[in-house]
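My structure is below; once you've seen it, I'll send some questions.
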Amino acid sequence: MRLSQLEVGETGIVKEFTDLEMSVKLMEMGCLPGEEVRIERIAPLGDPIAINVAGYQLSLRKREAYTIVLQ
Amino acid sequence: MKADIRVALVGNPNTGKSTLFNVLTGLNQKIGNFPGVTVDKKVGYTTLPDGRTAEIIDLPGTYSIYPKSQDESIVFSVLADKHNAHTPDLVVIILDASNLKRNLLLYSQVADLKIPVVVALNMMDMAKKADIDIDVNLFAKKLGVPVVPISARKNEGTAALKNAISFANKFAFQEDSIDVNTIAPELVEAIGRELNIDNPYLALQLAHQHETLKFLTPEQSDRIEELEKEHSFNSQKAQGAETIARYAFINDLLYDTVKKPVTAQGETHSNKIDKILTHKFFGFVIFFAILMFMFQAIFSWSSYPMELIGDAFVWIQDSLHHTLPPGPLTSLLADGIIAGLSGVMVFIPQIAILFAFISILEDTGYMSRVTFMMDKLMRKVGLNGKSVVPLIGGFACAVPSIMGTRTIENWKDRMITIMVTPLVTCSARLPIYTLLIALVVPNHNVWWVFNMQGLALTGMYVFSLISAIVVAWVFKFILKGKERGYFIMELPVYRMPRWNNVIFSMYDRSKAFVFQAGKVIIAISIILWVLASYGPGDRFAKIDQKFSTSQYTQHMTPDSLSRTISSAKLENSYAGVLGHTIEPVIRPLGFDWKIGIALITSFAAREVFVGTMATIYSVNGSAEKMQSVYEKMKEAKNPDTGQPVFTLAVAFSLMMFYAFAMQCASTVAIVFRETKNWRWPAIQFAYMTVLAYAASFIAYTLLR
């Protein structure tokens, strides 16, 4: 299961990343393995998405969310 | 000013860092540059309780010491360079108490550089509201640094923070956060030995960042590169491992110092607002309504103060002519300098109002929602959600906006944003548009609320945005990018705007405009006056001679005679000669030689156009009664046909020309500075000039 496959309001736990470069950036922003993430909303045009992670809101593109593998 | 202690402010974006900076330094601040880079350096001064003066440097907000953009790269290089004039004695790290976890990553990195640190725990009020309970004493004890709870917005705790700064240690006593030696120990040891660095984390950072650090010699940098190869160092893997270790430390630290409500909170305030503001339909409606309101406000709110400023200068000009003896010096002062000064000052209301809006939109957190909503659309045309802010900023001025593109990490996205930002209607075009619209568009209301002139102006703004998007789309196919773009961005919670910051930004921007653009404009006004008041050879003498014959003096009233003389003189002045020279080229656009003069003089700055018009028509008009430039242009008649010069076709053709032409020396300079290559400003100048001529020609041909 990838983060990009979740619907709005659903939660998941980050397991690993498929892209090294992206993972470094995501982890810095507090999105790291073991962390719970929830899809907050999707932008009006369908991309990017906003997720809740580590107590704040982070927006990222669907393509980027696809690199996050959930447990 | 000489300071006793140098303090750097470091923190994540949206933590209230600039609010704290403003609270600490008040208006006692200035903007400079870091040597060798284009990042703005904000420095201010504050007096400590013990009477010493502290210099405070506001470093760009960053989530990590690993830079993602040019702005962020300055943070590490300032902190790490021990032999620089900017090296801080102390770092104040500002942490958002309501979002400690992510904020602590940067803290732990900076702390490991072993620079004395004081923690300012900001937004304590927000944390309390969210039922987050922080044991500040235990927190400080575990970190080994002073921790001062503050609320910068309410100016609470800042006295205690100043106290903590004055009592801060000269040495770094903070606890280690992670064991740096678990990450690439051999490499760290080798770099430490060869470059004589005893801090392992500093050595590790040099391995990561040596390519961009200005304070390393090329030999040192090459040597680090060799060592990396020798120890097969993978920068990204090492960074990932470090981040995981740091968050383990942070989780451990927060475990018994911060208590959060276990149950998930109900829907937050911010979420409710987001449901409306980023709604599929209402989101865009609200966004365009805000833009529309902004332009209407700029147009209508500024008209009264602008009139006032304009009238004041006309009055000054008038009284100078009356009190001083007539002659070239009086004329230079009244028609050259004062006319130019008036052209600068009249801008202030518009700039202030625009920056009030921009600063409110940024402060409330709405700007990042605009980015969020527009990203997909912007990506289609080769831009990036983050390009929205520079583009909207372009409505004020392209210069700071182009500097603002540094937040765009991707090279191609950034280049395209730089290339198209000057197309957006900046505030310098506003007086040209308002003047020309007022001349040819009736001042009626349609549907009760919309003023026709306001609508025409909105039209020009929308048109500029559309042309920027189309040009961006074209550049998307021309430019070749290597790196991939990404869009990982915090959506900060909504907050009330800080009115102090709004007022400060209005003041700051207006001041910067008056002093930076003003110098150029006044210089150009003086040159222009000379060009318009003197002519080559003995042409002026011949005119005087010609009109002194009885043929003229007997058949014309003194008033119309003097006007005829002035007009003949202007046409034969240096400016007139120049205008005539380019007339064949601009004739197809509907412009005469007088407009030609204005095009030449506004070459360096668009706003000079109005000043030029004022000078040309004031030289041309009757000397007894000063009229505003608007009235003079309205009365201007084509000498051949007797028809008004400024018809709908000419006015719109002129507006099209100014919409596209790169008539701004500051933008050319800033694009060079940002791209470090003359090719980019040259390409930009060329494409914009071609578009300007074509659009002008089309507008004139269609409307004639």
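Is it true that B:S270 is in contact with a His (Cβ under 6 Å, 6 or more places away or on another chain) and outside any loop (DSSP other than H, G, I, E, B)?
no
Provide a single number: the residues in region B:285-306 that are modelled with pLDDT under 80, open to solvent by 40 Å² or more (accessible area, probe 1.4 Å) and not polar (S, T, N, Q).
2
If only one of B:V92, B:V145, B:V188, B:V110 is of a type in the set (A, V, I, L, M, F, W, C) and in a strand (DSSP E or B), which one is it?
When all the criteria are applied, what remains is B:V92.
Right, something else. Within region B:178-201, is even one residue of a type in the set (F, W, Y) and at pLDDT below 90?
no
Related question: Tally time: how many residues in region B:471-511 are open to solvent by less than 40 Å² (accessible area, probe 1.4 Å), within 13 Å of chain A (Cβ to nearest Cβ) and modelled with pLDDT under 85?
3
Then there is this: When you check B:K260 against the structure, is it among the basic types (K, R) and in contact with a Gly (Cβ under 9 Å, 6 or more places away or on another chain), yes or no?
Judged against the criteria, B:K260 is a match.
Okay, next question. Here is a list of conditions, (1) surrounded by 19 or more Cβ atoms within 10 Å (Cβ to Cβ); (2) within 11 Å of chain A (Cβ to nearest Cβ), and B:K275 meets all of them except one; can you say which number that is?
Here B:K275 meets the rest and fails (1).
Within region A:53-71, track down each residue that is facing another protein chain (nearest Cβ under 9 Å), at pLDDT 90 or above and open to solvent by 30 Å² or more (accessible area, probe 1.4 Å).
Result: A:R63, single match.
Grab the helices (runs of 4 or more DSSP H) fully contained in region B:317-392, keeping just those with 1 or more residues being within 14 Å of chain A (Cβ to nearest Cβ) and open to solvent by less than 20 Å² (accessible area, probe 1.4 Å).
Passing ranges, in order: B:366-380.
Picking from B:K259, B:K229, B:K237, which residue would you name as being of a type in the set (K, R) and at the interface with another protein chain (Cβ under 10 Å from one of its Cβ atoms)? So that I can check it myself, show each step before the final result.
On the way: B:K259 fails: at the interface with another protein chain (Cβ under 10 Å from one of its Cβ atoms); B:K229 fails: at the interface with another protein chain (Cβ under 10 Å from one of its Cβ atoms).
Among B:K259, B:K229, B:K237, only B:K237 is of a type in the set (K, R) and at the interface with another protein chain (Cβ under 10 Å from one of its Cβ atoms).
What number of residues within region B:77-107 are small (G, A, S) and within 24 Å of B:Y494 (Cα to Cα)?
Number of matching residues: 2.
Shifting gears a bit: Going residue by residue through region B:437-454, is there one that turns out to be open to solvent by less than 10 Å² (accessible area, probe 1.4 Å), assigned to a loop (DSSP other than H, G, I, E, B) and in contact with a helix residue (DSSP H, G or I) (Cβ under 7 Å, 6 or more places away or on another chain)? Step through it out loud before you land on a result.
To start, the set of residues in region B:437-454 that are open to solvent by less than 10 Å² (accessible area, probe 1.4 Å) comprises B:437, B:454.
This time we only want the ones that are assigned to a loop (DSSP other than H, G, I, E, B), so: none.
So far as region B:437-454 goes, no, none of its residues is open to solvent by less than 10 Å² (accessible area, probe 1.4 Å), assigned to a loop (DSSP other than H, G, I, E, B) and in contact with a helix residue (DSSP H, G or I) (Cβ under 7 Å, 6 or more places away or on another chain).
Further question on the same structure: Considering each of A:E10, A:E36, A:E40, A:E16 in turn, give the residue that is within 9 Å of chain B (Cβ to nearest Cβ) and more than 9 Å from the chain's Cα centre (by Cα). Talk me through it step by step, then tell me what you get.
Working: A:E10 fails: within 9 Å of chain B (Cβ to nearest Cβ); A:E36 fails: within 9 Å of chain B (Cβ to nearest Cβ); A:E16 fails: within 9 Å of chain B (Cβ to nearest Cβ).
None of the other options fit; the residue is A:E40.
Right, next: Out of all the residues in region B:293-316, is one or more away from chain A (no Cβ under 14 Å), in a loop (DSSP other than H, G, I, E, B) and under 28 Å from B:I360 (Cα atoms)?
The answer is yes, given that some residue of region B:293-316 is away from chain A (no Cβ under 14 Å), in a loop (DSSP other than H, G, I, E, B) and under 28 Å from B:I360 (Cα atoms).
Let me ask something else about it. With respect to A:S23, determine if the residue is in contact (Cβ under 8 Å) with a residue 24 or more places away in the chain and open to solvent by less than 60 Å² (accessible area, probe 1.4 Å).
Spelling it out, A:S23 is indeed in contact (Cβ under 8 Å) with a residue 24 or more places away in the chain and open to solvent by less than 60 Å² (accessible area, probe 1.4 Å).
Consider only pairs whose beta carbons are under 9 Å apart and that are at least six residues apart or on different chains; among these, list those whose first residue lies in region B:529-555 and is open to solvent by 70 Å² or more (accessible area, probe 1.4 Å) and whose second residue is in a loop (DSSP other than H, G, I, E, B).
Partner pairs satisfying both residue conditions: B:Y534/B:S573; B:R539/B:S573.
Just to verify a result, which residue in region B:176-191, among those that are more than 41 Å from the chain's Cα centre (by Cα) and within 19 Å of B:S232 (Cα to Cα), is surrounded by the fewest Cβ atoms within 10 Å (Cβ to Cβ)? Break it down into steps so the answer makes sense when it comes.
Going residue by residue through region B:176-191, those that are more than 41 Å from the chain's Cα centre (by Cα) are B:179, B:181-182, B:184-187, B:189-190.
If we keep only those that are within 19 Å of B:S232 (Cα to Cα) as well, we get B:181-182, B:184-187, B:189-190.
Values: B:N181: 13, B:T182: 10, B:A184: 26, B:P185: 14, B:E186: 12, B:L187: 21, B:E189: 15, B:A190: 20.
Within region B:176-191, the match that is surrounded by the fewest Cβ atoms within 10 Å (Cβ to Cβ) is B:T182.
Output the residues belonging to region B:95-105 that are more than 9 Å from every other protein chain (Cβ to nearest Cβ) and touching a Phe, Trp or Tyr at 6+ places or on another chain (Cβ under 8 Å).
The one that is more than 9 Å from every other protein chain (Cβ to nearest Cβ) and touching a Phe, Trp or Tyr at 6+ places or on another chain (Cβ under 8 Å): B:L95.
Per-residue answers, yes or no, for (1) at positive phi; (2) within 32 Å of the chain's Cα centre (by Cα); (3) surrounded by fewer than 17 Cβ atoms within 10 Å (Cβ to Cβ):
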| position | (1), (2), (3) |
| --- | --- |
| B:V92 | no, yes, no |
| B:D96 | no, yes, no |
| B:A111 | no, no, no |
| B:M124 | no, yes, no |
| B:K128 | no, no, yes |
| B:D131 | yes, no, yes |
| B:I134 | no, no, no |
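Taking region B:653-683, which residues are of a type in the set (S, T, N, Q) and open to solvent by 30 Å² or more (accessible area, probe 1.4 Å)?
B:S666, B:N677
Now for a separate question. Considering every residue within region B:393-409, establish whether at least one is touching a residue at least 60 places away in the same chain (Cβ under 8 Å), buried (at least 24 other Cβ atoms within 10 Å of the Cβ), in contact with a Leu (Cβ under 8 Å, 6 or more places away or on another chain) and outside any loop (DSSP other than H, G, I, E, B).
No, that holds for no residue.
Exactly one of (1) open to solvent by less than 10 Å² (accessible area, probe 1.4 Å); (2) more than 25 Å from the chain's Cα centre (by Cα) is unmet by B:T425. Its number?
(2)
Scan region B:562-584 for residues that are in contact with a helix residue (DSSP H, G or I) (Cβ under 6 Å, 6 or more places away or on another chain) and modelled with pLDDT under 80 and report the count.
Matching residues across region B:562-584 total 6.
Let me ask something else about it. Can you name every residue in region B:131-142 that is in contact with a Ser or Thr (Cβ under 7 Å, 6 or more places away or on another chain), among the charged types (D, E, K, R) and not in a helix (DSSP H, G or I)? Before you say what the answer is, go through the steps one by one.
Going residue by residue through region B:131-142, those that are in contact with a Ser or Thr (Cβ under 7 Å, 6 or more places away or on another chain) are B:132, B:134-135, B:138-139, B:142.
From the residues that got through so far, the ones that are among the charged types (D, E, K, R) too are B:135, B:142.
Hit for region B:131-142 is B:D135, nothing else.
Taking region B:60-90 as the search range and keeping residues that are within 24 Å of the chain's Cα centre (by Cα) and under 15 Å from B:L20 (Cβ atoms), which one is farthest from the other protein chains (Cβ to nearest Cβ)?
By that ranking, first place goes to B:P60.
Pairs only if they're at least six apart or on different chains, beta carbon under 8 angstrom, first in region B:197-223 and outside any helix (DSSP H, G or I), second open to solvent by 70 Å² or more (accessible area, probe 1.4 Å); list them, first residue then second.
Listed by first residue and then by second, the contacts come to B:N199/B:K114; B:K214/B:P35; B:F215/B:H83.
The values are calculated or read from the model by the stated rules, or taken from the named source; none is laboratory data. Everything quoted here is computed from the prediction, not taken from an experiment. In this analysis, Cβ positions are derived from the backbone assuming ideal geometry, glycine residues included, and neighbour counts consider all displayed protein chains. Calculation scope for accessible area: heavy atoms of the full protein, side chains included, ligands and nucleic acids excluded. Shrake-Rupley method; radii C 1.70, N 1.55, O 1.52, S 1.80 Å.
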